[in-house]
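Undergrad: Mind having a look at this structure? Questions to follow.
The values are calculated or read from the model by the stated rules, or taken from the named source; none is laboratory data. Bear in mind that the values here come from a model prediction, so they are computed numbers and not experimental data. Reconstructed Cβ throughout: ideal geometry from the backbone, glycine too, with neighbour counts over all protein chains shown. We work out accessible area using only protein heavy atoms, side chains counted, and drop any ligands, DNA or RNA first. Shrake-Rupley method; radii C 1.70, N 1.55, O 1.52, S 1.80 Å.
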Amino acid sequence: MEQGVWDAEGRGGERDEPAPLTDVLAFLEASVETLCAVDWAEHDADALAHAVGRVEIVARRLDASGSRATAELAALHRQKGRTAGGVAALLAEKLGLAKGTVHGRIDAGGRQATPAGRAAANGEITGEHERIIARAVSGLPGTMGGDAKVCFAEELTEFARTAAPADLRAEAARRVAALCPDRGRDREEHQERQRSARLGAVRSDGTSALTMTLTPRGRALVERALCDFGGPGGAVECEPGSDERTPEQRAHDALVHQWALGSTVDPARPKGIATIVVRVTPEQLEDPTTLVQTDAGTQLSVRQAVSMAGTMPWFVSLLRDGREELHRIDVDAHPDRRLASSIQRLVLYASHGGCTFPGCTAPARRSQFHHVREWSRGGPTTVANGALGCPVHHGFVGDGPGGWTTVVNAASPGLCTWLPPGVDRLTDV
């Protein structure tokens with residue numbers, strides 16, 4: 001055996017004959033042992049980045065291979081008369097896993113002939129990507145043909161190759177909703193039936209557990225609180241860099257702070273004039289089941305967004321002519337201030353939805369106000385000189401040799417043009 005290839009010489013030249021399973025596993029264990037002995041501190045950033053990528057692909061393929069083996073083992077047990085639950089319980093006890101985990105592996109191992117299953121087996125997507133696609137396909141109507149379902153799965157698999165699981169989940173929900181528009185009402189009724197909140201008894205140490213199943217509206221409210229107060233230094237007074245709370249503790253403090261503070265509307269507040277912002281076009285208003293997104297990325301139907309606006313007008317901004325309405329309250333009243341006002345941020349979100357860097361999908365809630373003409377060089381804090389940029393791409397802008405520059409797009413305020421390093425004229429892009 002050399003470099004992971006089974007040496008078939010001495011076996012009659014039958015190179016197509018698979019290696020014995022015990023030899024394959026022994027080689028795998030030896031390779032992992034060698035990998036674990038690597039001193040990663042001796043390598044530079046480029047080598048480590050390359051290694052992390054290769055290890056990730058191998059880990060994905062191992063996960064898929066293990067699921068396939070688990071599915072085959074479960075099939076053998078079922079041939080002996082055991083039920084699916086009995087097989088899962090047996091394997092869970094043997095492997096020291098939860099029954100749900102074993103069920104998931106058995107199901108995943110049986111889906112490796114699907115487009116997503118093949119991609120996961122090749123390490124192109126993760127197991128979580130594959131499960132999201134499988135759930136989406138299972139939600140398609142029975143009247144949809146097999147070829148159409150395969151095409152749907154292939155398109156989602158292609159999307160998954162360059163998307164995070166959260167983005168894939170949202171895209172899958174959007175596509176299923178588009179294919180099944182009459183399910184919109186049922187979807188909302190299901191969400192309402194599922195909503196719950198249970199405050200557990202007080203424990204001996206004085207703490208309590210709060211368990212909730214959130215509707216899209218509830219999640220949007222929670223996301224707003226976490227975005228505004230859940231970061232380091234949020235909801236508590238402390239010196240920069242001295243916040244030692246865990247992410248879970250910060251989330252707890254953010255929700256408690258929000259509940260204690262209540263939802264206030266202050267136009268001068270730089271964090272945001274609206275608790276939740278939802279962009280709804282006039283065309284979308286015609287179909288109440290159409291899915292739209294909050295500025296934090298939560299999906300909800302137009303009907304749900306409008307119902308929120310009906311009870312609390314400051315929740316949603318429904319703009320048919322956003323600039324005209326917002327200019328009436330003097331959107332650029334303080335161009336000499338460095339921090340943009342909440343109204344200016346709202347105008348940029350209503351215009352462009354999120355980060356304006358080409359190809360970036362970061363939502364507005366996770367984006368920052370960027371001065372196209374730098375504030376330090378006399379750039380005013382106005383909508384015309386502003387654009388949304390996520391923290392990553394906002395950090396691209398700079399004077400160094402690798403720094404990007406931005407120029408105002410006069411035809412569309414808030415949508416600037418990003419120029420790569422070494423480009424100083426629009427015609428050079």
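Undergrad: So for the pair A26, W375, with labels modelled 7 Å out along Cα→Cβ, what separation do we get in nm?
TA: Label at A26, label at W375, 6.7 nm between them.
Undergrad: Oh, and also: What's the FRET efficiency of I57 with C360 using the Cβ-Cβ distance as r and R₀ = 30 Å, to the nearest 0.05?
TA: Values: r = 25 Å, r/R0 = 0.83.
Once the sixth-power term is evaluated, E becomes 0.75.
Undergrad: Can you work out the FRET efficiency for the pair V150 and D107, with r the C-beta to C-beta distance and R0 = 25 Å, to the nearest 0.05?
TA: Working: r = 18 Å, r/R0 = 0.73.
About 0.85, to the nearest 0.05.
Undergrad: Another question about this same structure. Pull out the extension gain between L97 and S208, defined as 0.36 nm times the separation in residues minus the alpha carbon to alpha carbon distance; nm, one decimal.
TA: Numbers: separation 111, 0.36 × 111 = 39.96 nm, distance 2.79 nm.
Length gained between L97 and S208: 37.2 nm.
Undergrad: Counting pairs of alpha carbon atoms under 8 Å apart in space and at least six apart in sequence, what relative contact order in percent does the stretch 35-134 give? Walk me through the numbers before you get to the answer.
TA: Values: 83 pairs, mean separation 34.0, N = 100.
It comes to 34 percent, rounded to a whole number.
Undergrad: Continuing with this model, one more query. Roughly speaking, to the nearest percent, how much of the stretch 197-265's 1.4 Å accessible area is carbon and sulfur? Before the final figure, lay out the partial values.
TA: Numbers: 2570 of 4660 Å².
The nonpolar share, carbon plus sulfur, comes to 55 percent.
Undergrad: Please work out how much length the chain gains when fully extended from D44 to T215, using 0.36 nm per residue of separation minus the C-alpha to C-alpha distance, in nm with one decimal.
TA: 56.9 nm
Undergrad: Compute the FRET efficiency between T281 and C36 as 1/(1 + (r/R0)^6), taking r as their Cβ-Cβ distance and R0 = 51 Å, and round to the nearest 0.05. Intermediate values should be presented prior to the final figure.
TA: Values: r = 54 Å, r/R0 = 1.06.
The computed FRET efficiency comes out at 0.40.
Undergrad: Can I ask one more? Could you grab the relative contact order for the stretch 73-130? Cα pairs under 8 Å, six or more apart, rounded to a whole percent.
TA: Working: 30 pairs, mean separation 10.7, N = 58.
After rounding, I find 19 percent.
Undergrad: Could you rank the peptides 383-391, 192-200, 103-111 by their average count of other C-beta atoms within 10 Å per residue, with the highest value first? Present the calculation step by step, with values, prior to reporting the outcome.
TA: Values: 383-391: 22.8, 192-200: 9.9, 103-111: 20.6.
Descending mean neighbour count gives 383-391, 103-111, 192-200.
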